[in-house]
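The values are calculated or read from the model by the stated rules, or taken from the named source; none is laboratory data. Just so you know, these numbers come straight off a predicted model, no measurement behind them. Every residue, glycine among them, receives a Cβ derived from its backbone with ideal geometry; neighbour counts consider all protein chains shown. Calculation scope for accessible area: heavy atoms of the full protein, side chains included, ligands and nucleic acids excluded. Shrake-Rupley method; radii C 1.70, N 1.55, O 1.52, S 1.80 Å.
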Protein chains: 2
Amino acid sequence: MSDAIKVGLLGCGTVGTGILRILSENRADIVARLGADIEVVKILVRDLDKARDPAVPEGLLTTNPGDVLAAGPDVLVEVLGGYEPARTLLLAGLEAGCHIVTANKALLARHGAEIFRAADVAAKDVIFEASVGGGIPIIRTLREGLAADRIDSIHAIINGTSNYMLTGMSQRAASYADVLGEAQARGYAEADPTMDVGGFDAAQKLSILISVSFGVDIPFDEITTEGIDRLTPQDFAFARQFGYAVKPLAVAKAHLPKDPTAADAKIEIEARVAPHLIPLDAMLAHTNGVFNAVRVHSHALGPVLFYGQGAGMMPTAAAVVSDIIEVGRNIQRGTSGRLPHLAFHKELVRPMGLRPSAESECPFYLRFTVRDEPGVIAQLSTLLGAHGISIRRMVQDQSEPGKPVPVVLLTHLAREGSVKAALAGIDGLPFVTSPTCYLRVEDIH
Amino acid sequence: MSDAIKVGLLGCGTVGTGILRILSENRADIVARLGADIEVVKILVRDLDKARDPAVPEGLLTTNPGDVLAAGPDVLVEVLGGYEPARTLLLAGLEAGCHIVTANKALLARHGAEIFRAADVAAKDVIFEASVGGGIPIIRTLREGLAADRIDSIHAIINGTSNYMLTGMSQRAASYADVLGEAQARGYAEADPTMDVGGFDAAQKLSILISVSFGVDIPFDEITTEGIDRLTPQDFAFARQFGYAVKPLAVAKAHLPKDPTAADAKIEIEARVAPHLIPLDAMLAHTNGVFNAVRVHSHALGPVLFYGQGAGMMPTAAAVVSDIIEVGRNIQRGTSGRLPHLAFHKELVRPMGLRPSAESECPFYLRFTVRDEPGVIAQLSTLLGAHGISIRRMVQDQSEPGKPVPVVLLTHLAREGSVKAALAGIDGLPFVTSPTCYLRVEDIH
């Protein structure tokens with residue numbers, strides 16, 4: 001057997017404890033794969049006196065970050081979460097000659113560039129499989145498994161909280177407030193659920209997926225992000241009538257320049273996080289509860305889909321330990337930097353940038369709430385038509401006398417800017433009683 | 001940019017042509033990822049005069065294998081298929097200092113051990129992603145992405161021909177003969193379809209999946225293999241009544257020893273290829289047509305599923321080119337053998353062997369064909385009961401006077417040996433007019 005790979009563990013919460021459990025429970029398999037043991041040499045915690053899982057070796061705990069580096073780890077594994085002290089500790093670790101494994105998507109989204117630069121200077125690896133999709137090895141797949149292909153688009157369910165909530169609204173016609181309460185009761189949603197239900201968590205993950213798929217950095221706060229809180233159970237019922245499910249998607253698409261020979265020709269990346277309509281028979285539509293799935297469409301391969309548990313103690317910890325094994329294999333061969341951290345040699349990537357969201361095109365689902373008066377539908381279609389938006393299908397619910405009635409339609413392909421302009425006009429009309437709900441449609445299979 | 005990675009291509013049929021197309025069509029992305037060009041230096045073909053795709057550089061063609069090695073390739077890419085001359089050429093390539101990329105599952109299934117040994121002596125890599133699941137990067141995922149976890153089971157649709165045919169039988173109630181004719185007309189099935197419909201192609205692939213999942217070599221001809229030819233459209237209808245789809249599965253499960261401290265304790269691998277019943281709402285049940293999917297269940301991660309096109313020119317070629325990129329990255333770093341060819345250090349794997357199929361246990365679907373006489377069902381259940389087999393659910397079709405009638409049932413968990421013994425007895429009874437159709441049930445989700 002080769003020498004043990006020495007790990008300094010920064011953080012011992014849920015994921016940290018999961019890592020220690022996996023190292024113990026799967027030891028025989030890990031040793032047979034790596035040809036060496038993985039030995040945890042020190043564990044940084046905030047509080048020594050907390051009750052802990054039996055898998056946690058109490059004698060290795062410390063509250064002093066200096067003790068971790070002093071123990072001489074080969075790999076620093078960061079599962080603290082948040083920006084600090086994670087950032088400072090990882091930079092210090094790189095300087096001390098450690099490779100890095102992290103599950104911290106927020107840190108990478110904000111300080112990734114700085115950390116990757118430091119890793120290049122130190123000639124060390126930074127691996128971060130657990131930052132997106134928990135146990136689904138999607139980062140590794142995009143960096144290596146699909147390396148030969150030109151990726152066209154990504155459609156991903158990468159926020160388990162939102163997917164759990166929309167699954168409940170769809171299957172039980174529950175209200176947004178009810179499913180949020182349930183998700184909080186089960187520990188799937190935080191007391192302040194904004195990061196999840198507002199799409200910001202998914203936007204951070206999408207920013208990482210875009211980096212390793214297309215080779216361009218799109219800061220997560222430049223990604224169009226729309227929450228799931230405007231959905232009502234009736235949207236799921238109407239969508240189903242049209243043959244669609246409603247799913248919380250992170251979407252990215254690469255648009256080649258119309259004239260590739262133009263001096264300012266660049267590839268435009270369309271990117272957003274929002275609830276979408278997708279066909280009921282799409283594989284993604286069968287991804288329910290807290291499960292995640294990432295669908296990648298590429299030039300030669302066509303569609304591929306990767307499905308699994310996107311969060312939770314053990315799935316996330318398994319991804320971290322697989323990363324430790326990867327680094328361990330590099331250490332054994334005395335190599336590092338086999339591929340760029342974000343999969344691309346930046347200087348060789350073609351010019352690329354974010355497409356303004358107003359210029360995105362897709363079919364739209366529109367739910368108007370109107371007074372049931374003669375001529376209303378004619379006026380709606382005239383106004384939509386004036387913005388170049390044509391109607392593909394429409395349903396109108398039974399009206400109760402005196403009550404506002406929903407008018408729901410699917411459009412043909414429409415420019416997002418035109419749809420928003422049309423809705424701004426329509427929502428000011430006297431017979432429109434509530435703001436119109438719009439959702440984008442992605443006809444993936 | 002680094003030096004180009006030089007490739008000698010052995011074979012220029014469908015997949016070989018796909019490789020040349022991808023190298024040309026995706027060149028910008030490949031260069032940006034690898035930091036170097038991939039340059040094909042020589043192409044071995046059987047016939048110089050054939051009409052070829054414009055992506056094939058005619059000047060590089062040769063019919064002399066010696067010309068390929070003389071061109072000094074870094075990587076030898078084998079897409080000839082079959083055993084010879086593939087085996088001899090790869091062994092010569094390793095001796096000449098080439099890394100190997102191959103898509104040849106039959107070759108690996110028969111001569112893998114010899115080729116991997118030669119690669120170890122030469123300190124070169126042998127990579128074979130395209131040998132299983134075409135464009136789905138499942139080998140890489142099992143070797144690296146899931147390296148931290150103890151794999152419990154694999155349920156895989158890895159033969160597109162069978163899945164295309166069973167999808168047709170399920171969706172259109174077509175007969176076996178009709179869907180076979182269609183598959184042949186579309187080029188999805190060979191004139192002699194035995195390898196596909198008999199399950200032998202899937203068994204070769206399953207043997208490779210078992211190697212990289214569990215660390216043990218199970219020769220493909222020791223895997224229980226049952227064809228899809230005994231299915232009738234009514235089996236799909238009955239299965240649906242019970243809430244199941246019928247799918248062509250390759251299954252492998254690891255059973256830990258009951259007493260791990262016993263001197264002869266070993267892990268038993270249950271393995272088979274056969275049509276199975278799986279729940280209608282399982283992700284695998286939505287894998288239709290020529291698509292493949294591999295579901296892996298592991299200790300910490302739970303279920304994960306990988307879905308995509310399992311065959312075809314471009315998906316298979318994309319997998320080969322991703323392998324070339326992986327080898328290229330190793331060449332750039334002067335490394336090789338980062339992990340064992342079949343993912344495990346054999347000397348560290350716990351004792352393991354194939355479980356005799358008679359000892360497998362699962363629920364069974366049984367379709368009896370009987371004369372509609374009083375007491376028939378009582379006799380069937382008595383005989384099953386005598387073999388320790390109990391009935392979970394039963395349906396009996398409307399009978400037409402004088403015609404044999406199907407009696408269909410699902411059993412509780414039953415030992416395969418007991419089921420076969422019971423059927424041997426039952427099929428000899430006077431009121432049983434045709435051999436009983438049995439299918440195994442896998443209650444995966």
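About its Cα centre, how strong a charge dipole does the protein assembly as shown have in debye, to the nearest 20, once Lys and Arg get +1 and Asp and Glu get -1 at the Cβ?
Taking the Cα centre of the protein assembly as shown as origin, the dipole is about 360 debye.
Report which residues of region B:127-149 become buried by 40 Å² or more of accessible surface when going from the isolated chain to the complete set of protein chains (1.4 Å probe; DNA, RNA and ligands ignored).
B:137, B:140, B:144, B:145, B:147, B:148
Label position 7 Å from Cα toward Cβ: report the copy-to-copy distances for residue B:84 in nm, one decimal, ordered from shortest.
Those label-point separations list as 7.1 nm.
Which Cβ of chain A lies nearest the axis of the rotation superposing A onto B, and at what whole-Å distance?
For chain A, the closest residue to the axis carrying it onto B is A:335, 2.
For A:294-303, what's the mean count of beta carbons from other chains sitting within 10 Å of each residue's beta carbon? Can you show the working numbers first?
Numbers: counts 0, 2, 1, 0, 7, 7, 17, 15, 8, 5.
The per-residue average across the peptide is 6.
Hey, can you rank B:324-335, A:206-217, A:181-192 by average C-beta count inside 10 Å, highest first?
A:206-217, B:324-335, A:181-192
Let me check the size of region A:358-441 from its C-alpha atoms; what are the radius of gyration and Dmax in Å?
12.1, 40
Between residue B:280 and residue B:121, what length in nm is gained on full extension when 0.36 nm per residue of separation is reduced by their alpha carbon distance?
52.3 nm
Whose amide H sits under 5 Å from the amide H of residue B:38, counting only residues 5 or more places off or on another chain, with H placed in the peptide plane?
B:5
How many Å² of accessible area per residue for region A:139-310, probe 1.4 Å?
Values: 5470 Å² over 172 residues.
Spelled out: the 1.4 Å probe surface of region A:139-310, per residue, equals 32 Å².
Please report the buried accessible area for the interface of A with B, total over both chains, probe 1.4 Å, in Å² to the nearest 100. All intermediate terms of the calculation are to be shown ahead of the outcome.
Values: alone 19190 and 19200 Å², together 32700 Å².
Chain pair A/B: roughly 5700 Å² of buried accessible area.
Any idea how far the Cα center of region B:329-348 sits from the one of region A:225-248, in Å?
48 Å
Order A:285-294, A:161-170, A:235-244 from most to least packed using the mean count of other Cβ atoms within 10 Å.
Put in order of decreasing packing, that is A:161-170, A:285-294, A:235-244.
When the C-alpha atoms of the protein assembly as shown are aligned to their principal axes, what extent does each axis show, in angstrom, from largest down?
If we take the Cα atoms of the protein assembly as shown, the spans are 80, 74, 73 Å.
Using the structure shown, list the pairs from B:205/B:253; A:6/A:346; A:205/A:420; A:266/B:6 with a Cα-Cα distance above 20 Å, or answer none. List each step's numbers first, then the result.
Values: B:205/B:253 15 Å; A:6/A:346 32 Å; A:205/A:420 26 Å; A:266/B:6 30 Å.
Where the Cα-Cα span goes over 20 Å, the pairs concerned are A:6/A:346; A:205/A:420; A:266/B:6.
Taking all protein chains as present, what is the carbon and sulfur share of the accessible area of region B:302-387, in % to the nearest whole number, probe 1.4 Å?
Values: 1630 of 2980 Å².
Looking at region B:302-387 in its full context, I get 55 percent from C and S.
Sort out for me the Cα centre separation of region B:45-123 from region A:92-143, rounded to whole Å.
37 Å
Place the label 7 angstrom along Cα→C-beta at residue A:70 and in each other copy, then list the distances from the first to the rest in nm, shortest first.
Spacings between copies for this position, smallest first, are 6.7 nm.
Have a look at region A:1-46 and give its Rg and Dmax from the Cα atoms, expressed in angstrom.
Over region A:1-46's Cα set, Rg and Dmax evaluate to 11.1, 35 Å.
Picking from A:154, A:108, A:18, whose Cα lies most toward the positive end of the charge dipole for chain A (charges on Cβ: Lys, Arg +1; Asp, Glu -1)?
Value: A:154.
Ratio of alpha-carbon Rg to the 2.2 N^0.38 Å globular estimate for chain A, to two decimals, please.
Details: Rg = 24.3 Å, N = 445, 2.2 N^0.38 = 22.3 Å.
Ratio of Rg to 2.2 N^0.38 Å for chain A: 1.09.
Filter the DSSP H helices in chain A by two things, a Kyte-Doolittle mean of at least 0.0 and an axial alpha-carbon span of 27 angstrom or more, and list the hits by number.
Values: long enough: A:313-332 (28 Å, 0.67).
Passing helices, by number: A:313-332.
Work from the charge dipole of region B:173-326 (Cβ charges, +1 for Lys and Arg, -1 for Asp and Glu, about the Cα centre) and give the residue of B:246, B:177, B:302 farthest towards its positive end.
With unit charges placed on the Cβ atoms, the residue in question is B:302.
Rank B:290, B:423, B:64 by how far each Cα sits towards the positive end of the charge dipole of chain B (+1 on Lys, Arg Cβ; -1 on Asp, Glu Cβ) and give me just the farthest.
B:423
How far is it, in nm, from the label point at residue B:264 to the one at residue B:4 when both lie 7 Å from their Cα along the line to the Cβ?
Roughly 6.0 nm, to one decimal.
Cβ under 13 Å from residue B:82's Cβ, residue B:82 left aside: what net charge do those residues give with Lys, Arg +1 and Asp, Glu -1?
Once positives and negatives cancel, what remains is +2.
List the residues whose amide H sits under 5 Å from the amide H of residue A:345, counting only those 5 or more places along or on another chain, with H placed 1.01 Å from N in the peptide plane.
Long-range HN contacts for residue A:345: B:33, B:35.
Aspartates and glutamates within cross-link reach of residue B:247: Cα-Cα under 12 Å, excluding same-chain residues under 8 positions apart?
Within reach: B:235, B:442.
Using only Cα positions of region B:25-161, each an equal point scatterer, no hydration layer, compute I(q)/I(0) via Debye at q = 0.17, 0.21 Å⁻¹ and quote the log10 values to two decimals.
-1.15, -1.46
Which whole number gives the average count of other chain Cβ atoms within 10 Å of the Cβ atoms across peptide B:341-354?
Values: counts 0, 0, 2, 6, 8, 1, 3, 10, 5, 4, 0, 0, 0, 0.
What the average comes to for B:341-354 is 3.
Summing -39500 (n - 2.57) over the DSSP H runs of n ≥ 4 in chain B and dividing by its residue number, what mean residue ellipticity at 222 nm do you reach, to the nearest 500 deg cm²/dmol?
Helix-only estimate at 222 nm: -10000 deg cm²/dmol.
Where does region A:139-310 land on the Kirkwood hydrodynamic radius, alpha-carbon pairs, in angstrom? The partial results should precede the final answer.
Details: mean 1/r = 0.0598 Å⁻¹.
So the Kirkwood estimate lands at 16.7 Å.
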